Amino acid sequence: MDGQKRKTILVIDDSPENIDVLWGALNGDYRVRAAVSGEKALAIATTEPYPDLILLDIMMPGMDGYEVCRRLKADVRVRHVPVIFVTALGEVEDEAKGFAVGAVDYITKPISPMILKARVRIHLELEEARHRLAELVDARTEQLRQANVRLARQVKELHGRDRLIHLQMEGPSMKEACGAIGCVVAEVLEVARVVIFRVEKGGGLAAAVAVSGGDPEHVERPPASSSVAVPESALALAEQALAERQLVRGDGGAVAVPIVFKEEAVGAIWVENFGSQIGIEGEGGAVMTRLSGEAALVLRAAQVADDLINDKIDFDQLLRLGQ
């Protein structure tokens, strides 16, 4: 057997003769290490590479086998290593005490090489099976965790879209509409900064509101300006999204998506640090696109509400808009 792949067996016995017997039976199939006292055994067992199985004598001077096993099972590094007691003791009480401190099996002296090999092989296979099972459980647990994360995001998205649907029926002002859209996008996508752009009468884009941490920044606009101050890269990415009528990605995790109502561009959404926050970028992009669809209806409802207030639209026109 390849020495690189052989399992390591630690033999602990105060008798060199007993160690020789165990070494002779196992050395052809395993890498065998030995210790003649409990103290030396603990030092070897807790030093990498850790043993894969321990054969432990009970009756030893100083620290006996029970105490050695107890200390091994208290050490997180090696508590999983199976311990088999090798002893001349054969009373039921002795075996029960051994199992109580963490042993997995007993082998009585004098040693039968065939029985020794069979017991060692079985417990090594059981430990490998336990390890594989633990890995499967960990993998399944991680799958469930990811599923819960996705479910939580879906619920958050549905709540956000529901808020936008209710907003459509309330006839909000344009400022209220943009602020609400920004807050929903920031909350659902878990991003630090969102800018909502709207298309102005002349056809250009203007930043209507910027949202940080889920709260609208109510920026006082000077008479000469009709938009919130935002990075030029944000405006450029939003314009690209409108021109291409699709989600586009910029530098530093920035993303922009157009807001389109019945083929008419009404605005755009820009978010910062999108890739680092949303997790699965493809999933987040789909969520952002769905939010932009609801946002289009909200902005259109806000525009209609503003036009009604300013007598820029009559009810016949309003009916035609809904067709």
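The figures follow:
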quantity	calculated
Cross-link table 40/73; 5/117; 175/201; 7/109; 40/117; 73/97, entries beyond 21 Å C-alpha to C-alpha	7/109; 40/117
Gained length - residue 283 relative to residue 97, 0.36 nm times residue gap less alpha-carbon distance	61.3 nm
Under 5 Å, built H, 5+ apart or other chain: amide partners of residue 7	31
Mean ellipticity per residue at 222 nm, deg cm²/dmol - from DSSP H runs of n ≥ 4 across the chain, formula -39500 (n - 2.57)	-17000 deg cm²/dmol
Largest-first principal axis extents, alpha carbons of the chain, Å	106, 36, 34
Kirkwood Rh, angstrom, region 8-111 [1 / mean 1/r, Cα pairs]	13.4 Å
Separation between Cα centres of region 20-58 and region 133-194, rounded to whole Å	56 Å
Amide H contacts under 5 Å for residue 254, placed H, 5+ residues apart	273, 274
The chain: DSSP helices with Cα axial extent of at least 20 Å and average Kyte-Doolittle hydropathy no lower than 0.5	174-189
Burial order of peptide ranges 93-102, 285-294, 180-189 (average beta-carbon count within 10 Å, highest first)	180-189, 285-294, 93-102
Nonlocal amide H pairs with residue 259, under 5 Å, H built at 1.01 Å	266, 267, 268, 269
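Quick note: the coordinates plus some simple rules give every number you see, no bench work behind them. Values in this document were obtained by computation on a predicted structure and should not be read as measured data. Every residue, glycine as well, gets a Cβ built from its backbone with ideal geometry; the counts of neighbours run over all protein chains shown.
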